[in-house]
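Notes to accompany the following structure.
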Amino acid sequence: MRFELTDDQVDLRDAVQALLEDLCPPEAVRSAWDGDGRVPSAWDALVEMGVLGALVPESAGGLGMTDEDVVPLLVECGRVGLPDPVAPSGYAAAAALTEALGDPAAAGSAAEWLGRIASGDVLIPVVDAAAPVVGAASADGFLWCAAEDAGPQVLVVAPDQVDLEPLQSVDGGRRPARVVRRGGEVLLTGDVARSVSVATADRLALGAAAELVGLGERMLDLTVGYVGERRQFGVPVGSFQAVKHQLADAALAVAFAGPLVSYAAHSMAHGDPDRSRHVSMAKLRASTAVRHAAAASLQCHGAIGYTVEYDLHLYMKRAWALSYEHGDPDAHRARLRDSLGLASGRN
Amino acid sequence: MNVVVCVKQIPDPADPGALDPETKTLVRSGKLILDESDSYGVEMALQLVDAAGGGEVTLVSMAPNDEQSGLRTALAMGAAKAVLVSDEALRGSDALTTAKVLAAAIGRTGQPDLVLTATESSDGYTGTVPEQIAELLSLPSVTFAKSIAVDGGTASVQRQTEAGYDDVQVPLPAVVSVTAGVVEPRYPSFKGIMAAKSKPLDQVTVADLGMDAGQVGWSGAGQEIVDVSEAEAREAGTIVEDDGEGHQKVVEFLAELKVI
């Protein structure tokens, strides 16, 4: 594959980057901590720009783009710490519904929901009912991947068909909840439901990995800026080996995660038989690399990095949370090991 | 209603600028972007065309190295087409030459109802080009517009002043310079970005405009840059140790400045 973005992909990414720099500055992320975990001005502008409909087929009012086009945009969402559910709704749910368009019984509901997603309604996928669901409180619906006794099902569940139990998170910029389903409209069953459920879980993990890469780059940018200004013994602290080598190691780790994310997006877009493995490689590497970057950033900032008044914690806590969501490093390491047929051992 | 917007493509202000030591002009060899101060004119033009219920926005730009990036940005916002003047002979052109080139390029777009510009570019700051274009085209000119409303053959312009604004009526066609920050430039949509790649861009040379290469660039410039020097570094401030009378020092300092 070609790892470099095409000219079109660069233009779209740059447009999203410019929009988010304007509309999702640190103050907006900070205000999401005090509010409902959303940045409405950024969300509305992203809808207007076409980001939420990027993956939606043209026949359903979207732009018919692919994973390879959308994943670089999710990196930008991560870079600014956007708390809104672009990846779950505009990427994972939109891709699942696009699959559902192929099923005559499901096509009507799928097309309606795809149109709603492109218009800014939020459909949150739930692939693990036991796990916290981020953004549940402001969801317009849930795309529920259930393993029923009768076999796998994919359902569309309305907000009034669930009970929410709000949960605390280290990342106060988003609102996770435990969600208990009481009803729902069955969209898909059988093998199609099984494959859509797996692909949805993969895209949730890949979306988180993409956001993590953006967060890692942002934290390192912030830190390199800081250590270039902060002086001790008459020189910037960034000139000390103990600081610059640590940041170089972290930058290298994050830089190695980026191509894995791109490769996983390529695999998802092209239906590679090993796509789940590639997603696990991306999520595993992104999670560990960005946690490394977070730790290095925190240490190189010294005491100010620990304060909530300073911006670093906004990105660091998002990184911590995302590294555990949709499969923590151990879970993806185990899936990777199993897919390679390796014996179980130390993680 | 057809509106022409003059836009400049400039080095990205986020990157440190550099002067060519030989020509003493800004280095423009890298990628150029749409001058933010022009995005307000583009937005205002799009709004005026929408309000009129028909017509189109045409961009006119003069740039080195066939640069189109900034034009594509404005086309993605919704402008219909562009005229780009790019010619090695234009290197070193002064403000009046720039105005002559832009005026000739505007002539290629037909008879616009309105020509919009920024009040000044973010890299040149002469602030004279809009009025020079108006003079060259024999059109009335209004500067520092904070809003424009068109009714028939007349534009009502709120012209920003230090104290507030003047209401000015001007017959069309006219040249109006738009103050930065008076409208919120739209973000280009994905559809707009993709469509912009195939919108018509008429790239022309000095000769295509019927101008002589000897009249433009360094040879046509009525000015010469004889020297450039570093801006003086700000002096370090005075640190006053507060022994309980520090406020007196502050009062004395402000009194010296005649602030109090």
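The values are calculated or read from the model by the stated rules, or taken from the named source; none is laboratory data. In this text, all values refer to a predicted model and were calculated from it rather than measured experimentally. Glycine gets a Cβ as well: all are built from the backbone with ideal geometry, and neighbour counts include every protein chain shown. To get the accessible areas, we keep the full protein, side chains included, count just its heavy atoms, and leave off ligands, DNA and RNA. Shrake-Rupley method; radii C 1.70, N 1.55, O 1.52, S 1.80 Å.
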Q: Return the ratio Rg/(2.2 N^0.38 Å) for segment B:124-260, where Rg is computed over Cα atoms only.
A: 1.76
(Q) Return the equivalent ellipsoid semi-axes of chain A as a descending list in whole Å, where each equals the square root of 5 times an eigenvalue of the C-alpha gyration tensor. (A) 34, 22, 20
Q. What number, in nm² with one decimal, is the all-direction average of the projected area of the convex hull of the alpha-carbon atoms of segment B:102-201?
A. 8.0 nm²
**Q.** Summed buried accessible area for B+A [probe radius 1.4 Å, Å², rounded to 100]
**A.** 1000 Å²
Q | For chain B, convex hull of alpha carbons as volume per residue, Å³ | A | 183 Å³
Q) For the protein assembly as shown, what is the accessible area per residue in Å² when the probe is 1.4 Å? A) 47 Å²
(Q) Counting just the Cα atoms, what span does segment A:195-340 cover along each of its three principal axes? Round to the nearest Å and put the largest first. (A) 59, 27, 23
Q. Rounded to the nearest 5, what is the percent of antiparallel bridges among the DSSP beta bridges in the protein assembly as shown?
A. 55 percent
Q. Using a simple charge model, +1 on the beta-carbon of Lys and Arg, -1 on the beta-carbon of Asp and Glu, nothing else, what dipole does segment B:2-220 show about its Cα centre, in debye to the nearest 20?
A. 520 debye
Q) Which whole number of Å³ per residue matches the convex hull of the alpha-carbon atoms in the protein assembly as shown? A) 224 Å³
Q) Considering protein heavy atoms only and a 1.4 Å probe radius, which residues within segment B:174-195 exhibit an accessible-area decrease of no less than 10 Å² in the full assembly relative to the chain by itself? A) B:Tyr187, B:Pro188, B:Ser189, B:Phe190, B:Lys191, B:Ile193, B:Met194
**Q.** Debye, to nearest 20: dipole size of segment A:195-340, +1 on Lys, Arg Cβ, -1 on Asp, Glu Cβ
**A.** 180 debye
**Q.** For chain A: relative contact order, % (alpha-carbon pairs under 8 angstrom, 6 or more apart)
**A.** 17 percent
Q: Among A:Leu322, A:Gly214, A:Ala295, flag the residue with its Cα farthest along the positive direction of the charge dipole of segment A:195-340, charges on Cβ as +1 for Lys/Arg and -1 for Asp/Glu.
A: A:Ala295
Q. Hey, any idea what % of the protein assembly as shown's accessible area is carbon plus sulfur with a 1.4 Å probe?
A. 51 percent
Q) Is any residue of segment A:302-338 close enough, with backbone N under 18 Å, to a label point placed 7 angstrom from the Cα of A:Arg181 along the Cα-Cβ axis, and if so, which? A) A:326
Q.
Can you compute the FRET efficiency between A:Asp191 and B:Lys191 using 1/(1 + (r/R0)^6), with r the Cβ-Cβ distance and R0 = 30 Å? Round to the nearest 0.05.
A. 0.25
Q.
Need the per-residue list for segment A:27-57: every residue with at least 20 Å² less accessible surface in the complex of protein chains than in the chain by itself, probe 1.4 Å, sorted by number.
A. A:Met49
Q.
Using the basic label-point model (7 angstrom from Cα toward the beta carbon), what is the A:Thr307 to B:Gln169 distance in nanometres?
A. 5.9 nm
Q: Please list the helices of chain A that count as membrane-span-like by this rule: a mean Kyte-Doolittle hydropathy of at least -1.0 together with Cα atoms stretching 20 Å or more along the helix axis, each helix being a complete DSSP H run.
A: A:7-23, A:104-118, A:190-229, A:241-270, A:275-301
Q | Between segment A:110-175 and segment B:154-176, the alpha-carbon center distance in angstrom | A | 53 Å
(Q) My understanding is that a pair violates if its Cα-Cα distance is over 29 Å; which of A:Lys283/B:Lys199; B:Lys31/B:Lys191; A:Lys244/B:Lys31 do that in this structure? (A) A:Lys283/B:Lys199; A:Lys244/B:Lys31
